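The values are calculated or read from the model by the stated rules, or taken from the named source; none is laboratory data. Keep in mind that this is a model prediction, so the values were computed, not measured. Counting neighbours? That spans all protein chains shown, and the Cβs are built from the backbone with ideal geometry, glycine included. For accessibility, only protein heavy atoms count, side chains too; no ligands or nucleic acids. Shrake-Rupley method; radii C 1.70, N 1.55, O 1.52, S 1.80 Å.
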Amino acid sequence: NWAAAVFLSPSMLYSAHAAYAERVMHEQKQWAVLIRARVKQGSYTSHSSTTNRESLEGEPLHTEYRVARETGADTFLRVRLSESPSVVVEAAVFVNLEFLDSLKQLNVTYPKLTELFHS
């Protein structure tokens, strides 16, 4: 039941796609709102992109992860937690859309982008 799944991605660019990330305006600039999370190894399945965006050099082929969860009274954003949760939310991240749009022109590779945001 993928309607009840939690969707994640190792790619900030994939996660920032308009189909997945909320947009907010601040001081005449548009930002993508992302959630940074850790996912328990083996608790998800990997899938190919469901968008038609062009990927960065070195970006993983399977950019979408799905963590199945039970249906029930929980809201979409709440994940049922147990002694060993599959998904742990770490932070909300706001990424400037102009920055994301400039990455291709600057010849930034996926490994470099990952290094910048994981340091």
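Filtered by the rule that a residue be in a strand (DSSP E or B) and out of contact with any helix residue (DSSP H, G or I) (no Cβ under 8 Å at 6 or more places or on another chain), the range 16-32 gives Glu22, Val24, Met25, His26.
Pairs meeting the criteria (first residue in the range 91-102 and closer than 16 Å to Ser55 by Cα, second residue of a type in the set (D, E, K, R) and in a strand (DSSP E or B), beta carbons under 9 Å, at least 6 apart or on different chains) are Leu97/Arg23; Leu97/Lys29. Checking Leu56, Leu13 one by one, the residue that is crowded, with 16+ Cβ neighbours inside 10 Å, in a helix (DSSP H, G or I) and hydrophobic (A, V, I, L, M, F, W, C) is Leu13 and no other.
For the range 23-43, name all the residues that are open to solvent by 50 Å² or more (accessible area, probe 1.4 Å) and touching a Leu at 6+ places or on another chain (Cβ under 9 Å). Listed by number, the residues that qualify are Arg23, Lys29, Gln30, Trp31, Ile35. Test Val88 against the stated conditions and say whether it is at pLDDT below 85, in contact with a strand residue (DSSP E or B) (Cβ under 6 Å, 6 or more places away or on another chain), part of a loop (DSSP other than H, G, I, E, B) and not polar (S, T, N, Q). Considered against the rule, which asks whether it is at pLDDT below 85, in contact with a strand residue (DSSP E or B) (Cβ under 6 Å, 6 or more places away or on another chain), part of a loop (DSSP other than H, G, I, E, B) and not polar (S, T, N, Q), Val88 comes out as no.
Only residues that are out of contact with any helix residue (DSSP H, G or I) (no Cβ under 8 Å at 6 or more places or on another chain) and under 26 Å from Lys104 (Cβ atoms) were counted across the range 38-59, and they come to 6.
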